[in-house]
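The values are calculated or read from the model by the stated rules, or taken from the named source; none is laboratory data. Fair warning: this is a prediction, and the values are worked out from it, not measured in the lab. Cβ sites come from the backbone with ideal geometry, for glycine too, and all protein chains shown count toward neighbours.
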Amino acid sequence: MPTSLEILSNQELVTRIRQGDAEAEAMLYEKFSARVYFTALSEIHSKEDAEDARAETFLRVIQALRQDKLRSADSLPAFIVGITLNVIRELVRQKYRVDSLEDYEYDIAGDGSLEQAMLDAETGRALEEAASQLKPRERQFLRMYFYEELPKEEIARKLGIKEERLRLIKSRALQSFREIYKKMTKP
Amino acid sequence: MTHQEIKDGEIIERYVRRQLAPDERRAFQEHYFACDECFEQAQTMARFVAAVRQASRKGSFAENAAEPVAWWKNLFTPAIGFAAAALILAATLGWLVFRQPSTPREDFASQQQQSPSPNQTIAPDQNIAQAASPSPEKPEKNERPKLQDQRDLLAQNRAPVVLLESSRGAGDSGNQLTLPANASSAILRIEIEPGSPFTSFQFQLFDSARRPVTTVTSGKASSRGVVSANVPARHLQNGKYLVKCLGLKDGQRVLIGEYDLIVRQP
């Protein structure tokens with residue numbers, strides 16, 4: 001019987017789940033849970049709905065694997081993505097009465113925004129620290145680009161910064177944020 | 001989708017900002033389900049964008065915003081302030097409590113030298129009382145700035161509201177919304193018949209070329225028959241818009257009204 005310390009390939013996972021191995025099912029959940037949750041959160045921007053979607057997705061995935069509905073273990077990731085998106089569509093259709101994800105606008109009267117879904121305490125602090133290393137014009141660029149969603153050419157013109165430099169500023173700020181966040185969340 | 005395509009096409013950033021076509025979006029999702037590195041980068045980018053937007057909404061990245069201070073630096077200033085104040089107070093109290101009382105002979109001698117009037121003598125315990133209690137006129141050091149910050153935040157977050165009315169004719173100037181620069185959103189409102197059967201409502205915004213801009217869903221109408229929708233400011237640039245309001249019930253959508261809207265930013 002596999003232990004959680006062993007890393008099973010997708011093929012091994014699929015085979016064992018087909019045989020009714022509960023531990024393999026738990027390992028499947030461990031392997032893909034964060035991705036399913038992140039995908040749901042990216043589509044619907046509600047932590048509650050994303051958790052519901054994750055639970056329903058794994059129910060269906062495990063049921064399908066037990067019934068040998070997966071043609072090839074190589075396509076396991078794509079298979080799980082497909083089920084995830086179907087679950088999300090059904091949830092959105094049921095709760096918000098829209099026909100497709102493209103019709104669905106996640107800013108529902110100020111509730112369920114991307115910011116509320118993605119932010120935790122460390123994220124805000126990591127950005128503060130990363131932003132403290134930037135010049136005022138560089139911070140203005142981040143606001144204009146990610147919040148006001150202005151095109152780069154317009155930002156470059158308004159701030160008097162070359163477009164190539166804007167890409168560098170963005171990448172430096174992101175890299176700095178990544179390193180600080182990693183340090184903050186290190187177990 | 002290869003890593004080179006992801007890098008050249010800025011796929012991760014465009015995924016987080018919902019700028020990918022549906023098939024590209026799906027392709028990237030299938031990729032990061034199999035790729036740890038891209039998944040980690042996607043999560044980081046999502047957090048980063050969310051944090052920048054929130055900071056922008058709060059005004060932290062505005063042109064005249066104060067220099068941001070790393071969060072850990074803020075811990076020291078109030079702590080040092082409190083420690084210093086506590087030390088001074090303790091030293092003062094200690095001096096007042098533990099100082100050597102003068103002997104009656106010394107008191108008499110000093111009184112003889114100064115020749116004070118009887119009315120000017122202050123009892124020692126009155127001195128201690130005055131020293132221990134803070135002056136009632138002086139406010140706490142950080143109280144006013146903290147309240148002011150909260151009021152400023154509230155003002156920034158107060159969204160402008162427009163009550164939409166159907167266009168009456170060619171001469172009608174339409175519904176007008178003035179959107180302040182620091183507004184994060186605006187509230188659109190319509191009035192409907194009280195007791196309407198709809199369980200929720202949708203506000204669809206179209207630009208002057210009739211291209212869809214955004215759709216916002218609202219809950220039930222209020223008891224007075226008012227329906228409101230909160231539209232993010234980034235969707236409301238200067239210009240003319242068409243707003244369609246639809247009522248939703250049992251999976252059906254019914255057009256309630258169409259409204260012209262002109263957005264102006266001072």
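Identify all residues within the range A:13-63 that are closer than 12 Å to A:LEU91 by Cβ, within 14 Å of chain B (Cβ to nearest Cβ) and not small (Gly, Ala, Ser); write none if there are none.
Those that are closer than 12 Å to A:LEU91 by Cβ, within 14 Å of chain B (Cβ to nearest Cβ) and not small (Gly, Ala, Ser): A:GLU43, A:ILE44, A:ASP49, A:ARG54, A:THR57.
Hey, among B:VAL213, B:VAL231, which residue is without any contact (Cβ under 8 Å) to a residue 40 or more places away in the chain and under 27 Å from the mean Cα position of the chain (by Cα)?
B:VAL213
I'd like the full set of residues that are over 28 Å from B:PRO266 (Cα atoms), within 11 Å of chain A (Cβ to nearest Cβ) and buried (at least 19 other Cβ atoms within 10 Å of the Cβ), limited to the range B:219-248.
B:LEU246, B:GLY247
Of all helices (runs of 4 or more DSSP H) completely enclosed by the range A:1-116, which ones contain at least 2 residues that are under 17 Å from the mean Cα position of the chain (by Cα) and modelled with pLDDT of 95 or more?
So the answer is A:22-44, A:47-66, A:76-96.
Just name the residue that is nearest to A:ALA78 (Cα to Cα) out of those in the range B:1-40 that are aliphatic (A, V, I, L, M) and more than 8 Å from chain A (Cβ to nearest Cβ).
B:ALA27
Which residues, taken from the range B:179-209, are more than 20 Å from B:TYR241 (Cβ to Cβ) and of a type in the set (Ser, Thr, Tyr)?
B:SER196, B:THR199, B:SER200
Starting from residues that are of a type in the set (A, V, I, L, M) and buried (at least 18 other Cβ atoms within 10 Å of the Cβ), keep the ones in the range B:257-266 and report whichever is farthest from B:ARG210 (Cα to Cα).
Here the answer is B:VAL263.
How many of the residues in the range B:57-82 are surrounded by 11 or more Cβ atoms within 10 Å (Cβ to Cβ) and either assigned to a helix (DSSP H, G or I) or modelled with pLDDT of 70 or more (or both)?
Count: 12.
Kindly provide the set of residues from the range B:22-42 that are farther than 13 Å from B:THR2 by Cα and in a helix (DSSP H, G or I), ordered by number.
Across the range B:22-42, the qualifying residues are B:PRO22, B:ASP23, B:ARG25, B:ARG26, B:ASP36, B:PHE39, B:GLU40, B:GLN41, B:ALA42.
Quick grid of which residues meet (1) under 10 Å from B:ARG47 (Cβ atoms); (2) in the same structural domain as A:ARG35 (by TED's automatic domain parsing); (3) surrounded by fewer than 16 Cβ atoms within 10 Å (Cβ to Cβ):
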{"site": "A:GLY124", "(1), (2), (3)": "yes, no, no"}
{"site": "A:LEU127", "(1), (2), (3)": "yes, no, no"}
{"site": "A:ALA130", "(1), (2), (3)": "no, no, no"}
{"site": "A:GLN133", "(1), (2), (3)": "no, no, yes"}
{"site": "A:GLN140", "(1), (2), (3)": "no, no, no"}
{"site": "A:ARG143", "(1), (2), (3)": "no, no, no"}
{"site": "A:LEU150", "(1), (2), (3)": "no, no, no"}
{"site": "A:GLU153", "(1), (2), (3)": "no, no, yes"}
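Can you find even one residue in the range B:176-190 that is surrounded by 11 or more Cβ atoms within 10 Å (Cβ to Cβ) and at pLDDT below 75?
No, there is no match, as no residue in the range B:176-190 is surrounded by 11 or more Cβ atoms within 10 Å (Cβ to Cβ) and at pLDDT below 75.
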